[in-house]
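One structure coming up, written as structure tokens, with questions to follow.
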């Protein structure tokens, strides 16, 4: 068998302990290791002079060893090794801790590249724990890998080198020769060598381009093949139905965007193939009203709808909202969650099985084996990225092949949405209901924090509620200025908000405890909720009018927008205060964008410009294959190019069955094989 696909511990230099660490990172074979790409590179191609290096900033310097000082044995188990080096104009000191082998290997008079942070002043500068390599053996662009405790980048580099030798012994290619030539791509073996051991920036860029091209191509081939398969499957087509009574019962007028979305969805439901549609809309754009219309349409066709929410409290919220929309036309939704009492649960399961429950709302409880549907025709999932793919697949299987509507409040630029949701048709609610007041957003420094607290107290005294968001859960040694939620909550309780009811919510809490806190917030049993980003997607608290976000520079624009969406959900004017002391230009620019607009899609476009598509791919929905090398590619034309290439290939060969495309087909299947509902096997 090919050595590349043997267990990782068969690679020389990888013992059982190291293999466990690799598996923790998802690396099980030497081939997986080759696909573990460097996250960055140390650039030795343009070393600086000591005089030009900034204190505290990493720098690469070409030096000659002047003198090796005697080792200092500070205490048992801790030794210092120091070497005096020169860049030709200035001397400085290299300091090593407990690394005698590096100290011993360095020879007086020989030249080395060193990399690290310079400290000290005019009289003496030093570099502590630097990386060192001889000039005559230097890898001028040294890869730095994503790593885990006990597994260093140097260890990974050594293991990768051996895996590359396996690749040379049994080389292979996944793309047909005409595609390599037509798109000017380097062969795969060369690309893998060059991404792990690049000779120059130009060589590295060509390797990244090849790997990003193939990664995007495989992803789009997979999603297009999924879309094709669902388009040829049959589902019970519904018949046109009159929704005028549903519209008449609504307490508001639908926006044009909502009306259009309902028309498109009803048209899908009447087609002879199952609907697979994404309903994408900003917080407050009215997605639930559209979902209710779809459920009403299905009920008029005598088929059941199930709406699945990620938490019990969200399911209860959907029950209240959907009941308000559907009760006027005689449809009473039922709720099934894990905490539903046994007797009530049996009664509800009976209603579902008999078909007397046309609309079912629930959590994962609705996909348990003991829940049988009479005629499940429409599956709606809310905030799909909170669900595992296996859960969505289990729900879909209960109806044979039901129509699927996925709702998401995460704004994603359309071009990227077409990649991430390639197997779904997309409808966007790009219009907000009338009467909704825009959230006023302010970016301030920490010096304004006390004034902000005073502003919040004024609104709490008026009977309103507020959120205070932190970037961390507990104190961190590495992020000194980040407010830790637990400490922060205690400080606020005993200080500026001692007269108010302060709650705490973070991701390490048990699910039932989180639900209890959010229920207390919704019931106005809390005035102020200190939380981490766990509150990002969640409960509708119309009485919450203020959100203060500490260290706002540490969040992406899309995440800040999601957090801001926790307020502004009622009729009162709402406010978002972004606190940061960062002086970085990119951080300031992001917060300016937040202050200028409340349009989530405009913000997503700006985020794309500022950060590139890698971050969006990194936050793609759970259950979709990860895109690794595409994170390096900020060239959006490549996305369009691979879309066209994928479509052209599938027009010629819809299942990639021809011999020339077999390697590519295998790669696509491997990419999607772990993805349940999204699988191609």
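The values are calculated or read from the model by the stated rules, or taken from the named source; none is laboratory data. If you're wondering where the values come from, they're calculated on a predicted model, not measured in any experiment. Virtual Cβ from ideal backbone geometry, glycine too; neighbours counted across all protein chains shown.
Please indicate, with yes or no, whether at least one residue in region 526-533 is under 22 Å from residue 320 (Cβ atoms), modelled with pLDDT of 85 or more and not in a strand (DSSP E or B).
Step one: list which residues in region 526-533 are under 22 Å from residue 320 (Cβ atoms), which gives 526, 529.
Next, only the ones that are modelled with pLDDT of 85 or more stay: 526, 529.
Add one more test, that the residue is not in a strand (DSSP E or B), and what stays is 526.
Among the residues of region 526-533, at least one is under 22 Å from residue 320 (Cβ atoms), modelled with pLDDT of 85 or more and not in a strand (DSSP E or B), which makes the answer yes.
Can you tell me which residue within region 323-337, out of those that are touching a strand residue (DSSP E or B) at 6+ places or on another chain (Cβ under 9 Å) and not in a helix (DSSP H, G or I), is nearest to residue 349 (Cα to Cα)?
Only one residue tops the list, namely 336.
Would a scan of region 239-262 turn up a residue that is in contact with a strand residue (DSSP E or B) (Cβ under 8 Å, 6 or more places away or on another chain), over 30 Å from residue 438 (Cβ atoms) and either touching a residue at least 12 places away in the same chain (Cβ under 8 Å) or in a loop (DSSP other than H, G, I, E, B) (or both)?
Checked against the condition, which is being in contact with a strand residue (DSSP E or B) (Cβ under 8 Å, 6 or more places away or on another chain), over 30 Å from residue 438 (Cβ atoms) and either touching a residue at least 12 places away in the same chain (Cβ under 8 Å) or in a loop (DSSP other than H, G, I, E, B) (or both), region 239-262 yields no hits at all.
Something else about it: Against the definition (assigned by TED's automatic domain parsing to the domain that holds residue 455, free of Cβ contacts under 8 Å to residues at least 60 places away in the same chain and touching a helix residue (DSSP H, G or I) at 6+ places or on another chain (Cβ under 9 Å)), how does residue 507 come out, yes or no? Talk me through it step by step, then tell me what you get.
On the way: assigned by TED's automatic domain parsing to the domain that holds residue 455: yes; free of Cβ contacts under 8 Å to residues at least 60 places away in the same chain: yes; touching a helix residue (DSSP H, G or I) at 6+ places or on another chain (Cβ under 9 Å): yes.
The answer is yes for residue 507.
Which ones in region 547-566 are within 19 Å of residue 438 (Cβ to Cβ) and either part of a loop (DSSP other than H, G, I, E, B) or at pLDDT below 85 (or both)? Step through it out loud before you land on a result.
Quick first cut of region 547-566, residues within 19 Å of residue 438 (Cβ to Cβ) only: 547-549, 552, 557-558, 560-566.
Result: 557, 558, 562, 565, 566.
So, one more: Looking at residue 48, is it out of contact with any helix residue (DSSP H, G or I) (no Cβ under 7 Å at 6 or more places or on another chain) and at pLDDT 95 or above?
Judged against the criteria, residue 48 is not a match.
For the condition more than 30 Å from residue 257 (Cβ to Cβ), out of contact with any helix residue (DSSP H, G or I) (no Cβ under 9 Å at 6 or more places or on another chain), surrounded by 14 or more Cβ atoms within 10 Å (Cβ to Cβ) and at pLDDT 75 or above, what is the one hit in 491, 445? Write out each step before concluding.
Working: 445 fails: surrounded by 14 or more Cβ atoms within 10 Å (Cβ to Cβ).
Of the residues listed, the single one that is more than 30 Å from residue 257 (Cβ to Cβ), out of contact with any helix residue (DSSP H, G or I) (no Cβ under 9 Å at 6 or more places or on another chain), surrounded by 14 or more Cβ atoms within 10 Å (Cβ to Cβ) and at pLDDT 75 or above is 491.
While we're on this one: Of the residues in region 149-164, how many are out of contact with any strand residue (DSSP E or B) (no Cβ under 9 Å at 6 or more places or on another chain) and surrounded by 12 or more Cβ atoms within 10 Å (Cβ to Cβ)? So that I can check it myself, show each step before the final result.
Step one: of region 149-164, the residues out of contact with any strand residue (DSSP E or B) (no Cβ under 9 Å at 6 or more places or on another chain) are 149-152, 155, 158-159, 161-164.
Now restrict to residues that are surrounded by 12 or more Cβ atoms within 10 Å (Cβ to Cβ): 151-152, 155, 158-159, 161-164.
Residues flagged as out of contact with any strand residue (DSSP E or B) (no Cβ under 9 Å at 6 or more places or on another chain) and surrounded by 12 or more Cβ atoms within 10 Å (Cβ to Cβ) within region 149-164 amount to 9.
Test residue 198 against the criterion of being under 28 Å from residue 99 (Cβ atoms), assigned to a strand (DSSP E or B) and touching a helix residue (DSSP H, G or I) at 6+ places or on another chain (Cβ under 8 Å), and give yes or no.
Values: under 28 Å from residue 99 (Cβ atoms): yes; assigned to a strand (DSSP E or B): no; touching a helix residue (DSSP H, G or I) at 6+ places or on another chain (Cβ under 8 Å): yes.
No, not satisfied.
Condition first: in contact with a helix residue (DSSP H, G or I) (Cβ under 8 Å, 6 or more places away or on another chain) and surrounded by fewer than 17 Cβ atoms within 10 Å (Cβ to Cβ). Can you find one or more residues in region 52-62 that meet it? Before you say what the answer is, go through the steps one by one.
Quick first cut of region 52-62, residues in contact with a helix residue (DSSP H, G or I) (Cβ under 8 Å, 6 or more places away or on another chain) only: 61-62.
Now narrow it down to the ones that are surrounded by fewer than 17 Cβ atoms within 10 Å (Cβ to Cβ): none.
No, region 52-62 contains no residue that is in contact with a helix residue (DSSP H, G or I) (Cβ under 8 Å, 6 or more places away or on another chain) and surrounded by fewer than 17 Cβ atoms within 10 Å (Cβ to Cβ).
Next question. Say whether the condition of being in contact with a helix residue (DSSP H, G or I) (Cβ under 6 Å, 6 or more places away or on another chain) and farther than 30 Å from residue 148 by Cβ is met by at least one residue in region 75-87. If you could, list the steps in order and put the result at the bottom.
Within region 75-87, the first condition is being in contact with a helix residue (DSSP H, G or I) (Cβ under 6 Å, 6 or more places away or on another chain), and the residues that meet it are 81, 87.
Of the ones still in play, those that are also farther than 30 Å from residue 148 by Cβ are 87.
The answer is yes; a qualifying residue exists.
Go through region 10-34 residue by residue and tally those that are crowded, with 17+ Cβ neighbours inside 10 Å, part of a helix (DSSP H, G or I) and out of contact with any strand residue (DSSP E or B) (no Cβ under 9 Å at 6 or more places or on another chain). Outline the logic, then answer.
Within region 10-34, the subset crowded, with 17+ Cβ neighbours inside 10 Å is 11, 14, 18-19, 21-22, 27, 29-34.
Subset that is part of a helix (DSSP H, G or I): 18-19, 21-22, 30-34.
Narrowing further to those that are out of contact with any strand residue (DSSP E or B) (no Cβ under 9 Å at 6 or more places or on another chain): 19, 30-34.
Qualifying residue count, region 10-34: 6.
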